[in-house]
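Throughout, read-outs are computed from the coordinates displayed, never taken from laboratory work. Please read these numbers as outputs of a predicted model, since none were measured by experiment. Note that we place each Cβ from the backbone using ideal geometry, even for glycine, and neighbour counts take in every protein chain shown.
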Amino acid sequence: MGNILEIKNVTKRYPGVVALDKVSFSVKEGEVHALVGENGAGKSTLIKAITGAITPDEGEIIYLGKKYTELNPILSSEIGIEAIYQEFNLAPELTVEENIYMGTKVNKGIFIDKKKLTDSTLEILKSLNTDIRPGTRIKDLTVAYMQLVEISKALAKNVKLLIMDEPTAPLTENEVDVLFKLVRKLKEKGVSIIYISHRMDEIFELSDTITVMRDGEVIKTVPAKDITKNQLIYDMVGRELTETYPVREVECGEKILEIKDLCGPSNQKTSFCVHKGEIVGLAGLVGAGRTEIARLIIGADKKFSGEIFIKEKKVEIHSPKDAIEQGIAYVSEDRKNQGVLLKMSIRWNITLPILKRLSHFLFIDRKKENACVEKYKDALHIKTPSINQLVGNLSGGNQQKVAVAKWLASESKVLILDEPTRGIDVGAKQEIYELINQLTKEGLGILMISSEMEEIMGMSDRMLVMAEGKVVGELSKEEFSQDKIMRYASNITA
């Protein structure tokens, strides 16, 4: 089995940082090759070099025996290289079928063959075992469904080398199983796959070969069967890691957030509460209404009915601004569009919600501002040459850290975390878990939405399970089990 791709001494420099430093590795035909490393290790930059989104300063790329000093996105697609990025590349106003076949000729004379377009889309969506309708606009889909559309786009083309960057991050366990079957099916057809994930179980279940990157360099390339999980983590982060989830010794206090019969466009009447010092997990399948209930709480979506109480005092929340003023912060699952401002600096992103607190009369106290930003940059190990770096220049994982840091700095009473560790490496996850634990010790109440079963069970003190737009079950820590959670999530209560 020969190589479909060889990377030789590829180097890429940016102001203040060497993103890739003489990187060399190869991918065999028909193999799943995992690419792992901490956020900022250089994985995303390497993908961009392979797909032609950036031009390396040095080195060469050999694809199907032909040498390329540089590629461009059109050429890479024409020769069979496709990538599914962490950040989606979809046109929100267009339909699912229009996005999947954008740039592809599906014509009947001078007109688009609408029937062929719809039938071809349905065939691909059927292979993914999803109920997405071809005519649905992208803006009306959840993040998980958007991910499935991205995968469909790649399948619609004659792909020979498929790069998947954190493809399961927004997916539930059922959808992950479908994706795994798809990866194996593509491999059987001879498609080579570069698979990037921070989830260790996925790496060992799917990959034939693993390449480890750290600080822009390749540390090692090994057959997956020849390395253990602990050794792989050590190679990635350069240090030993202890327990995944911190020991919870916080005593829950007074009721800090209560919602009563809250109802909106995608939710039935829902009631629950969060106590001071408590982490309440919100579990459920995609489409269960978890994100939708969070958006109702913060006023991002208009509620039909219901009441919200902070420390047993009824509050009126009609917008995210009202929520912030009432001490409710929200880390969105969609960091690109709702989590961070990509064209602004790290400093500006983190301090935006607390400028009033950092100001003296009409002026910002720069010393206090710098101390705040540096504190969370160091605590979350945000890799950047400067706090003045534009967030758009950071890796996806480091952008997520900025999104989390912004609300950790806000000193809110209630923190709603929607997929807070999506696209974040194993070392950074632990740092965020420790910070969340510390915040509860300081008296915050936390509502945590996660599609990772192990994570939500490991972090929550109590769990609410949603299905069909409402809470259908509540479990204490002692009652946690995957079987119970999945039964409630599937609305099987017998």
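At a glance:
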quantity	calculated
Proxy reagent accessibility, fewest Cβ within 10 Å first, across THR221, THR142	THR221, THR142
For the stretch 423-487, diffusion coefficient by Stokes-Einstein and Kirkwood Rh (Cα), 37 °C, 0.692 mPa s, µm²/s	251
Qualifying GluC sites (Glu not before Pro) in the stretch 219-304, DSSP loop, other Cβ atoms within 10 Å at most 16	GLU240, GLU243, GLU249, GLU251, GLU254
The stretch 151-233: radius of gyration and largest Cα-Cα distance (Dmax), Å	13.4, 38
Proxy reagent accessibility, fewest Cβ within 10 Å first, across LYS114, LYS255	LYS114, LYS255
The stretch 359-428: chymotrypsin sites (Phe, Trp or Tyr not before Pro) in DSSP loop, at most 13 other beta carbons within 10 Å	PHE361
Cα-Cα pairs of the stretch 255-489 separated by more than 26 Å (percent)	36
Assigned charges on the beta-carbon of Lys, Arg, Asp, Glu; the stretch 3-237 dipole about Cα centre (debye)	660
21 Å tail of the calculated P(r), the stretch 193-303, as % of Cα pairs	60
C-alpha center-to-center spacing [the stretch 430-456, the stretch 123-138] in angstrom	34
Scaled radius of gyration (Cα, divided by 2.2 N^0.38 Å) that the stretch 317-402 gives	1.12
Rg to Rh quotient for the chain, alpha carbon positions, Kirkwood Rh	0.97
Whole-number percent relative contact order across the chain, with pairs defined as alpha carbons under 8 Å at least 6 apart	16
Exposure proxy order (Cβ contacts within 10 Å, fewest to most) of MET213, MET486	MET486, MET213
Total charge dipole magnitude, the chain, about the Cα centre, Cβ charges on Lys, Arg, Asp, Glu only, Debye to nearest 20	1220
Cα-derived Rg over Rh, computed across the stretch 3-237 with Rh taken as Kirkwood radius	0.98
Value at 222 nm in deg cm²/dmol, rounded to 500, when DSSP H runs of n ≥ 4 in the chain each add -39,500 (n - 2.57)	-9500 deg cm²/dmol
Longest to shortest principal axis, alpha-carbon extents of the stretch 259-342, angstrom	37, 29, 27
Distance between modelled label sites at ALA371 and VAL247, nm, 7 Å Cα→Cβ extension	3.2
Gap separating the Cα centres of the stretch 1-54 and the stretch 403-423, nearest whole Å	31
In the stretch 419-494, the GluC sites (Glu not before Pro) that fall in loop regions by DSSP, at most 12 other Cβ within 10 Å	GLU442
